[in-house]
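Below is one structure, written out as structure tokens, with a few remarks after it.
The values are calculated or read from the model by the stated rules, or taken from the named source; none is laboratory data. This is a predicted model, so every value here is computed, not measured. We place every Cβ from the backbone using ideal geometry, glycine too, and count neighbours over all the protein chains shown. Remember, those area values only see protein heavy atoms, side chains included, never the ligands or the DNA or RNA. Shrake-Rupley method; radii C 1.70, N 1.55, O 1.52, S 1.80 Å.
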Amino acid sequence: MLDLSCPNVQLILATIVTAIITGFTTLRFYCYITLGRCHSRAKMEGKTVLITGANGGIGKETTKDIAKRGARIILACRNVDAANEVKDEVVKETGNQNIVVKKLDLSSQKSVREFAADINKTEQKLDVLIHNAGMALAVRGQQSEDGIEMTMATNHYGPFLLTHLLIDLLKKTPKSRIVVVASELYKLASVNLNNLNPINTRPAAYLYYVSKYANIYFTRELARRLEGTGVSANCLHPGMIDTGIWRNVPFPLNYPMKMITKGFFKTPVQGAQTTIHLAVSEELEGISGKYFMDCKEHSLNTAACDMEKAKKLWEESAKIVKLTESDPKI
């Protein structure tokens, strides 16, 4: 047992506590000074922006910023009630009345097709498509109505299918952009091309990392296929964000996780900056197939630059989402 009355023990404990506090303070300061910020003042009047998963987190903050720039915004969300609350808040805060809410469940191929058909019928143009929606599950084995592992269905296959179905609208809109919210957590995983529907084979958290890796492959192959069309595609790491995506962390890990997120993670406003940068900044016109972090281009590891693997993932994804001859081609 430690004798806490001993001056030497007290000194050692005080030194340890001071070192911990100093370390945490230094880390927090480093996180703050390295935050990327979108400094563009570009206006978006006359432009149409579609944002998936905009009913909270960085999607909500992205919506607010772009609404202030005057764009027409389509909030594509599974939870329509929450999306309407965001719409009312954004309209009140920005004065932009041109905000539309539409139902979209990215895990459902039927929902994606119905949503895309509605957009193609009602919209004349699409300047920016932001794939922001994301899902992280705590329990593995959950499947979509199409029999696809739920995380992959929502984070990769849904956006893959939606992009195909909206590509003609994007192509006829001059200098349109596709923005994909990926994650630096891709480095913790790999994409197994022999098991692209990994139900009950991996922990749920690991499949989130896999889906973010797939987002990067998808973006790079998409950009390659879109060369010469005027449509650009880039992806990004928003940073570690204090958002609702961490609500599925199980007990008892949820308590230390909450301390970490509140102490060191970015706020949703800070986390939205790179998405906003890719969507609006004039300096990025014509830039495509790149990966960004803190509003700056960032390098990928060697495996993520494997275009043969990216092409193979694309081909297999097309089979999984059941693309047909009548669907738009990229």
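Summary table below
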| read-out | value |
| --- | --- |
| Residue ranges of helices (runs of 4 or more DSSP H) in the range 189-289 with at least 1 members at pLDDT below 95 | 204-225, 254-264, 268-271 |
| Every pair of residues 6+ apart whose Cβ atoms lie under 8 Å, when the first sits in the range 306-330 and is at positive phi and touching a residue at least 24 places away in the same chain (Cβ under 8 Å) while the second is open to solvent by less than 60 Å² (accessible area, probe 1.4 Å) and not aliphatic (A, V, I, L, M) | Lys322/Gln109 |
| Positions within the range 164-188 being assigned to a helix (DSSP H, G or I) and in contact with a helix residue (DSSP H, G or I) (Cβ under 7 Å, 6 or more places away or on another chain), in sequence order | Leu165, Leu166, Leu169, Leu185, Tyr186, Leu188 |
| Selection from the range 101-139 of residues that are more than 19 Å from Val179 (Cβ to Cβ), open to solvent by less than 50 Å² (accessible area, probe 1.4 Å) and assigned to a helix (DSSP H, G or I) | Gln109, Ser111 |
| Test: residue in the range 2-19 that is modelled with pLDDT of 95 or more and out of contact with any Phe, Trp or Tyr (no Cβ under 7 Å at 6 or more places or on another chain) | no |
| Some residue of the range 50-57 being hydrophobic (A, V, I, L, M, F, W, C), within 25 Å of Leu313 (Cβ to Cβ), in contact with a strand residue (DSSP E or B) (Cβ under 9 Å, 6 or more places away or on another chain) and in contact (Cβ under 8 Å) with a residue 60 or more places away in the chain | yes |
| Enumeration of residues in the range 299-330 that are more than 23 Å from the chain's Cα centre (by Cα) and crowded, with 16+ Cβ neighbours inside 10 Å | Leu323, Asp327, Pro328 |
| Neighbours by Cβ (under 6 Å, 6+ apart or cross-chain): first from the range 206-220, over 10 Å from Tyr186 (Cα atoms); second open to solvent by 10 Å² or more (accessible area, probe 1.4 Å) and of a type outside the set (Val, Ile, Thr) | Arg220/Gly289 |
| Those residues of the range 279-330 which are under 19 Å from Pro238 (Cα atoms) and touching a Phe, Trp or Tyr at 6+ places or on another chain (Cβ under 6 Å), in sequence order | His298, Leu300 |
| Among the residues listed as Lys121, Lys103, Lys92, Lys110, the single one being touching a residue at least 24 places away in the same chain (Cβ under 8 Å) and over 21 Å from the mean Cα position of the chain (by Cα) | Lys110 |
| Check on Ala42, modelled with pLDDT of 95 or more, among the small types (Gly, Ala, Ser) and within 24 Å of Thr122 (Cβ to Cβ) | no |
| Single residue of Ala76, Ala116, Ala82, Ala67 found to be touching a His at 6+ places or on another chain (Cβ under 9 Å) and free of Cβ contacts under 8 Å to residues at least 60 places away in the same chain | Ala116 |
| Hey, Asn98 of a type in the set (S, T, N, Q), surrounded by fewer than 16 Cβ atoms within 10 Å (Cβ to Cβ) and touching a residue at least 24 places away in the same chain (Cβ under 8 Å) or not | yes |
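Listed here are the residues, each with its yes/no results for (1) aliphatic (A, V, I, L, M); (2) in contact (Cβ under 8 Å) with a residue 40 or more places away in the chain; (3) open to solvent by less than 50 Å² (accessible area, probe 1.4 Å).
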residue	(1), (2), (3)
Ala153	yes, yes, yes
Tyr157	no, yes, yes
Lys175	no, yes, no
Val181	yes, yes, yes
Lys187	no, yes, no
Pro198	no, yes, yes
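Yes/no matrix, rows are residues, columns are (1) closer than 24 Å to Glu61 by Cα; (2) out of contact with any Pro (no Cβ under 7 Å at 6 or more places or on another chain):
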{"residue": "Gln109", "(1), (2)": "no, yes"}
{"residue": "Val128", "(1), (2)": "yes, yes"}
{"residue": "Ala138", "(1), (2)": "no, no"}
{"residue": "Asn155", "(1), (2)": "yes, yes"}
{"residue": "Asp168", "(1), (2)": "no, no"}
{"residue": "Val181", "(1), (2)": "yes, no"}
{"residue": "Asn197", "(1), (2)": "no, yes"}
{"residue": "Tyr209", "(1), (2)": "yes, yes"}
{"residue": "Phe218", "(1), (2)": "no, yes"}
